[in-house]
Amino acid sequence: MPPIDEGSKRERVERSFAQVPDSDQGVAPCCPPLTERPMSAAEAETAARMFKALGDPVRLRLFSAVASHEGGEACVCDISDVGVSQPTVSHHLKKLKEAGLLTSERRGTWVYYRVEPSVLAAMGQLLAMPAAA
């Protein structure tokens, strides 16, 4: 089997979470709300990739730490106290980036992480309950 090109893999993941402007909601999620209709195979694969990345308690804590950090971004130096070693923190942050849930930017010796706003919108709409009539 040929090696997977990580750049194109990341681009596919990011495209799968790409948001399209929607006049009522602001953004349209990658997948319909679970209560709207059954998901297609492609939609299920996209959502499963996101939830798989968040299925680890350490990753979920890191994702939450970044998402709730003041200013919407967090330095790795501020979020690494999750009960595992620094190399393990880096591994989990890398997995969250590969899943398209985080972006990062190096500033000097530190790396700053940010949650993709479109990801939070997609997650919220995917899990949203239908409005009561």
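The values are calculated or read from the model by the stated rules, or taken from the named source; none is laboratory data. Note that the coordinates shown come from a computational prediction; the quantities given were computed from them, not determined experimentally. Reconstructed Cβ throughout: ideal geometry from the backbone, glycine too, with neighbour counts over all protein chains shown. Protein only, heavy atoms only, side chains kept; ligands, DNA and RNA dropped before computing areas. Shrake-Rupley method; radii C 1.70, N 1.55, O 1.52, S 1.80 Å.
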key: Candidate set: region 60-72, residues that are aliphatic (A, V, I, L, M) and within 22 Å of residue 105 (Cβ to Cβ); chosen: the one most open to solvent (accessible area, probe 1.4 Å)   = 67
request  = Look through region 73-83, keep the residues that are in contact with a helix residue (DSSP H, G or I) (Cβ under 6 Å, 6 or more places away or on another chain) and of a type in the set (A, V, I, L, M), and return whichever of them is surrounded by the fewest Cβ atoms within 10 Å (Cβ to Cβ).
outcome  = 82
key: Lone unmet requirement of (1) of a type outside the set (A, V, I, L, M, F, W, C); (2) in contact (Cβ under 8 Å) with a residue 40 or more places away in the chain; (3) open to solvent by 40 Å² or more (accessible area, probe 1.4 Å) for residue 57   = (2)
task = List the number of the failed condition for residue 23; all other conditions in (1) in a loop (DSSP other than H, G, I, E, B); (2) modelled with pLDDT of 90 or more hold.
result = (2)
request  = Please specify each residue of region 84-104 satisfying the condition of being open to solvent by 70 Å² or more (accessible area, probe 1.4 Å) and in contact (Cβ under 8 Å) with a residue 12 or more places away in the chain.
outcome  = 95
task = Test residue 108 against the stated conditions and say whether it is at pLDDT 85 or above and either more than 16 Å from the chain's Cα centre (by Cα) or open to solvent by 50 Å² or more (accessible area, probe 1.4 Å) (or both).
result = yes
